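*Asks:* Here it is: the structure, laid out below.
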Amino acid sequence: MKENVLDVLIYLFENYIDEDTEIEPDRALLQDRLIEAGFPGIEIEKAFDWLENLANLEAPIHGGHALRVYTARESEKLNAGCQGFLLFLEQNGVLDPATREMVIDRVMALEADEINLDQLKWVVLMVLFNQPGQEAACTWIEDMVLDAAPTHLH
């Protein structure tokens, strides 16, 4: 099975991201654990770069509610179902225009030609997890990703 960057990111999130963890393992230790888990070194490096870029990503400033028009390249990677899901999240207050753009940026940074809905949900979860003040939205998406019944946002 050919593992890709998103597979590494999902594995990291499922196994090592825990809000209650006080001490974060260092990068070298995580790399060793990922290699032991069978991930290729190049994909591990790309995953760490992706996470670093996410951490350094600044939310663009958007005013009001405008219709998002996807570029041809974005439409190739995010099909109509994925675009509709992002719109659904925005209309329900899970994403605002700035976080939506962050999600699209992180999706476009993945090397995959196309992202399916389940993969998009993981990217949304990772972006929200890294945004302060998004705990309720993050929990809602986490429930959705893990196939639990979503809770109501307040």
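*Asks:* Residues with beta-carbon under 12 Å from that of residue 57, excluding residue 57: net charge, scoring Lys, Arg +1 and Asp, Glu -1? Let's see the in-between values first.
*Replies:* On the way: positive: 106; negative: 52, 58, 101, 105.
Local charge sum for residue 57: -3.
*Asks:* Please list 6-17, 83-94, 67-78 highest first by mean number of surrounding beta-carbon atoms within 10 Å per residue.
*Replies:* Averaged packing, sorted descending, gives the order 6-17, 83-94, 67-78.
*Asks:* If you find the alpha carbon centre of the range 104-142 and of the range 77-92, how far apart are they in angstrom?
*Replies:* 12
*Asks:* Considering amide H positions built from the backbone, and no H for Pro or chain starts, which residues 5 or more places from residue 79, or on another chain, come under 5 Å of its amide H?
*Replies:* Those qualifying (amide H under 5 Å, at least 5 residues apart or on another chain) are 115.
Since every read-out is calculated from the coordinates, none of them should be taken as a lab result. Since this is a predicted model, take the numbers as computed values, not measurements. Counting neighbours? That spans all protein chains shown, and the Cβs are built from the backbone with ideal geometry, glycine included.
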